[in-house]
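Data block below; observations after.
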Amino acid sequence: MTHRFLSALIAAAALAGPALADEPGPGGSKPPVARTGEEVYRTYCQACHMADAKGAVGAGAFPALANNPRLGTTAYAAYIVANGKGGMPWFKDALSKDQAQALLTYLRSHFGNDFKEPVTAADVEAFGQRPTSRF
Amino acid sequence: MDTGRRTPTRRQLLNAIGLMGGTAAVYQMMTTFGHAAETRFPGPPNLSGARKGSTVIVLGAGLAGMLAAFELEKAGYKVQILEFQNRPGGRNWSLYGGDKYTEMGGATQTVGFAKGNYLNPGPWRIPHHHKTLLHYCKAFGVALEPFIQFNHNTYVHNVDAFGGTPQRFRSLAADFEGNIAELLGKAIDQKALDAKLTPEDTDRLKEALRGWGMLDKDMRYVKGMASSSHRGFELPPGGGVNGAPKPSDLLPFDQVLRSGIAANMSFFMNDEFQTTMFQPVGGMGKIGEGFAKKVGHLITYNAKVTKLFQDKSGVSVTYTDTLKGAVTTAQADFCVCTIPLTVLSQIENNLSEKKQAAIAAVPYSNSVKVGLEMRRRFWEEDQDIFGGHSFTSQEIGLISYPNNNFFQDGPAVLLGAFAGGPGGYRLGGMTPEERIEVALAQGSVFHPQQYRKEFLNGASVAWNRVPWVLGCCARWNEDTRREHYQELVALEDRVVLAGEHASYVGCWMEGSLLSALDAITRLHKRALEA
């Protein structure tokens, strides 16, 4: 079974369930695969946390990741990215272990954050999961 | 078998049942017959006997909030609505030429569309069985027209098939069905299905396959008049001397499989996406405007809710006037809160811990729509495409053609992107200008000669950057439904939540309306018991 075919099967499984009005359609909506931490941030994160990682305010707010001491605790940051928080979705199935490791490393060393301790494979154990079914 | 008794006609039977059990019994029987589409809409609620002077504060002037307010006022309650925006309708929304829109992060777009053209950033199509919405559209004078959901002549594009060249839906679908029919015919001939089917059923199935898959007398799917009558001709039938048609070549089956066409065919079978579908004349936002004609006098705009508290004596809601800065605390006996969970989870309140946990447990999806105004309807004039969608595996997901004003001269607006999931996040993270460039680059695959040449201007909405919702729709899964759904929808003393997030028809307008009707029915019962 080719990798591509497997991906298609997983994508199809993820779509199982009732029709949602905000699903574009059967073709999917696939961006280029993000590899570096910066690419992962640009692809998945800056839509809400903004290009400068300073967040934004409307009727509610998206928190800033810039100058954020909470990123000092890798386990906390990894937990939030993996499981989401409030309106933020979980990314444990969207991101591979490598992508999560690259992202966390990038966030901890950019946007005014300067945490030296490396992000380990154990920190991103939760990522790379199969999509869960929805209802 | 003739029993000697005449079988009653269906009408006679329904009349008899109606006499015995009333309309509910007729309805149930009709559903059993499959003659009434399944709907959870029993008709407008019959709320009677409201206590004189009872007050309700409704948070949010989207469809759920406005319907709740309309029915509660009708029942005799004194109703006030608080709305964050300066317009009614919520996610029911259209952008027209001249409209200004500022997203979170500060990017402001001024829409440049010609008069009458629009982009529906949110909902854009209505299933024929969403009866609550259809009922209130009719009641509130919102004119509907067909939405062209399924068009055989649009394109399907997959970067991994046919060297990236789009194919017409009908050709891919015909070739998929033809090949499947031929393969299944071979399986029958090789006795592969003998254990499953009687010889009579095997014969019936073979004939069905021949007719469905356009096979020849030898059960083969081949180039010819039969296959071309489904997939399209090389030279279509004409008149006179050279009128004879020429059949078209079949596509290689391995590439047909790679195109993912089966997923497209399945998509159109989804009960929310089956024809007939509708759209309001003049833009989806006409529905919100229609509701606001009934309850607009109740709405306070530019009101940012900051606190929601209840006690034995009532509910108090604190809000800030976002234009003037004034802070007000409003009191009411009861509250219907339709604020999206993304926002509600950030508002100070004294709801129970379990309720707060439910409110914080539901993440929101994202999606991005891009409207592209083109100088002329080249998809109609050059490619015979009248409404419908061309699908792609690229980030934009699809492009969709306008469903109204066919054959008109002058500019028209295409939906140039409907990106969700990973593609939606990436487009959402771009500037409005970058989104349009991606939409033009990717959409050009369908109309390479015309797309950039005829482009005039564009507008985009990334739902996670919409200041009043911070996302597109609530995304439940089996776990969160089990752990939090009942807690979320439960009436908690004087406060009840409503909206698409409090329904199983997630993300559809119908879900928000059904949720609102259920919420106010329970609230009314509670109010009478108070």
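Laid out as a table, the results:
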| item | result |
| --- | --- |
| Where chymotrypsin sites (Phe, Trp or Tyr not before Pro) fall in DSSP loop in the stretch B:352-436, at most 10 other Cβ within 10 Å | B:Phe407 |
| Intensity falloff of the stretch A:30-109 expressed as log10 I(q)/I(0), Debye formula with alpha-carbon point scatterers, at q = 0.17 Å⁻¹ | -0.64 |
| Over 18 Å (Cα to Cα) - which of A:Lys30/B:Lys100; B:Lys115/B:Lys286; B:Lys74/B:Lys286; B:Lys74/B:Lys525; A:Lys30/B:Lys369; B:Lys115/B:Lys293 fall in this group | A:Lys30/B:Lys100; B:Lys74/B:Lys286; B:Lys115/B:Lys293 |
| For B:422-433, mean number of other protein chain Cβ atoms within 10 Å | 6 |
| The stretch B:473-523 shape via C-alpha gyration tensor axes, a/c threshold 1.5 | oblate |
| Label point distance in nm, A:Arg130-B:Lys100, each placed 7 Å from Cα along Cα→Cβ | 5.2 nm |
| Percent RCO, i.e. relative contact order, over the stretch B:57-115, from Cα pairs under 8 Å lying at least 6 residues apart | 29 percent |
| Computed over chain B: relative contact order in percent, which uses C-alpha pairs under 8 Å that are six or more apart | 19 percent |
| Relative contact order %, the stretch A:30-109, counting alpha carbon pairs below 8 Å whose residues are six or more apart | 33 percent |
| Convex hull of Cα atoms in chain B, direction-averaged projection (nm²) | 32.8 nm² |
| GluC sites (Glu not before Pro) restricted to the stretch B:176-241 and DSSP loop, no more than 11 other C-beta within 10 Å | B:Glu234 |
| Label-point separation, B:Phe406 to B:Thr320 (7 Å along Cα→Cβ), nm | 5.2 nm |
| Binned Cα-Cα distances of the stretch B:191-334, short to long, each 5 Å bin given as a whole percent | 2, 6, 7, 8, 9, 10, 8, 6, 6, 5, 4, 5, 6, 8, 7, 3, 0, 0 |
| Computed lengthening from B:Met269 to B:Glu207, 0.36 nm per intervening residue step minus Cα-Cα distance | 20.0 nm |
| Per-residue average of Cβ from other chains inside 10 Å of B:252-265 | 2 |
| Averaged over A:49-57, number of beta-carbon atoms from partner chains that fall within 10 Å | 3 |
| The protein assembly as shown shape via C-alpha gyration tensor axes, a/c threshold 1.5 | oblate |
| Structure-based [θ]222 nm, chain B - -39500 (n - 2.57) summed over DSSP H runs of at least 4, per residue, nearest 500 | -10000 deg cm²/dmol |
| Eligible aspartates and glutamates near B:Lys196 by straight Cα distance, threshold 20 Å, same-chain separation 8 or greater | B:Glu182, B:Glu207 |
| Under 22 Å from the Cα of B:Lys217 - lysines, other chains or at least 8 residues apart | B:Lys186, B:Lys191, B:Lys206, B:Lys246 |
| Ordering of B:482-492, B:256-266 by burial proxy (mean other Cβ atoms within 10 Å per residue, highest first) | B:256-266, B:482-492 |
| Within straight-line cross-link reach of B:Lys354, lysines at Cα separation under 21 Å, skipping those fewer than 8 residues along the same chain | A:Lys85, B:Lys307, B:Lys312 |
| Stretch gain in nm, segment B:Ala195-B:Asp249, where the contour uses 0.36 nm per residue and the Cα spacing is subtracted | 15.8 nm |
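Values quoted throughout were computed directly from the atomic coordinates according to the rules given, and no laboratory measurement underlies them. None of the values given here were measured: they were computed from a predicted structure. All Cβ positions, glycine included, derive from the backbone under ideal geometry; neighbour counts span all protein chains shown.
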